[in-house]
Amino acid sequence: MQIIKADIPDVLIIKPDFYRDGRGYFFESYNKETFSRNGLFMEFVQDNESKSKKGVARGLHFQYPPFEQGKLVRVVRGAVLDVAVDIRKNSPWYGKYTTVVLTSVNKWMYWIPAGFAHGFMTLKDGTLFSYKCTQVYNKEHEGCIRWNDPDLDIRWGISDPVVSARDDQAPLFRDFISPFLY
C-alpha cells in the first residue's frame, strides 16, 4: 500500500497493492491491521454506495458535530473527480480544496477526515461510488455548502452538471460558520 498526502496533508490518497493474473484481479479495499500499521486508525460504522450517470455533481456534504464523519471513498465502476474542502476554521488550509481522480481502473482510495466538506463529479455513465464512514448518517446534523461556490472556485471540469435541488440551493461558503476546530 502506498499512502500519499494530498495538497492538504490531512487528506490522503491510498494506492492499494493490486494483483492481476489470468483470472482477473485482487486487492484489499480495507484491512484494519494494514491501515493501522500505516498510521491510519479508523473505525468505520456505515458503508454507502451511489450510482450516477456521467455529469452528476454530489456535494459538498458534511455532518455537524457530534456526528462528524471521516470517509474512505473509492470507485467500484466508472470514474469521479473527488473533492475535499477544508472547513476546520483554525486550519491553515481553511476554505481550500484538494482533488483526485478516482477510477475503477486505478483502484485508488481517498481518506477524507472529519472537518471536510466532500463532493464528487461523475466522469462516466453508470459510476458506482462506495464509501465507508466513521459515523452514522444523522439527518438533523447534515450540512452542505454549494457545489459551485464562487469563493471556493472548484474546477469541476463540467460546466452544467446534474445537481440535486438541495445541493444547488445550499448555503455559500462565506455564510458558513464552522464548528470544526483544527
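The values are calculated or read from the model by the stated rules, or taken from the named source; none is laboratory data. No experiment lies behind these values; they were computed from the predicted model shown. Positions of Cβ are backbone-derived with ideal geometry, glycine not excepted, and every protein chain shown enters the neighbour counts.
Which one of GLY157, GLY143, GLY115 is modelled with pLDDT under 95, out of contact with any helix residue (DSSP H, G or I) (no Cβ under 8 Å at 6 or more places or on another chain) and small (Gly, Ala, Ser)? Every option except GLY157 fails the conditions.
Taking the range 136-160 as the range and being farther than 25 Å from ASP7 by Cα, part of a loop (DSSP other than H, G, I, E, B) and of a type outside the set (A, V, I, L, M, F, W, C) as the test, the residues that pass are TYR137, ASN138, ASP160. Scanning the range 125-177 for residues that are closer than 30 Å to TYR30 by Cα, touching a strand residue (DSSP E or B) at 6+ places or on another chain (Cβ under 7 Å) and either free of Cβ contacts under 8 Å to residues at least 60 places away in the same chain or not hydrophobic (A, V, I, L, M, F, W, C) (or both) yields a count of 13. Take HIS61 and decide whether it is without any contact (Cβ under 8 Å) to a residue 60 or more places away in the chain and assigned to a strand (DSSP E or B). So HIS61 fails the test.
A single member of LEU40, LEU102, LEU72 is in contact (Cβ under 8 Å) with a residue 40 or more places away in the chain and part of a strand (DSSP E or B), and it is LEU72. For the range 17-45, filtering for residues that are surrounded by 13 or more Cβ atoms within 10 Å (Cβ to Cβ) and at pLDDT 95 or above leaves 1. How about the range 99-145: which of its residues are under 16 Å from VAL56 (Cβ atoms), in contact with an Asp or Glu (Cβ under 6 Å, 6 or more places away or on another chain) and of a type in the set (Ser, Thr, Tyr)? SER130, the sole residue that qualifies.
Screening SER52 against (1) of a type outside the set (A, V, I, L, M); (2) buried (at least 17 other Cβ atoms within 10 Å of the Cβ); (3) under 17 Å from ALA117 (Cα atoms) leaves a single unmet condition, (3). Scanning the range 105-132 for residues that are farther than 23 Å from GLU68 by Cα and either part of a strand (DSSP E or B) or touching a Lys or Arg at 6+ places or on another chain (Cβ under 8 Å) (or both) yields a total of 10.
The residues on offer are LYS15, LYS71, and the sole one that is closer than 30 Å to ASP151 by Cβ and in contact with a strand residue (DSSP E or B) (Cβ under 7 Å, 6 or more places away or on another chain) is LYS71. Could you tell me whether GLY95 is surrounded by fewer than 19 Cβ atoms within 10 Å (Cβ to Cβ), among the small types (Gly, Ala, Ser) and assigned to a strand (DSSP E or B)? Here the answer is no, as GLY95 does not meet what is asked.
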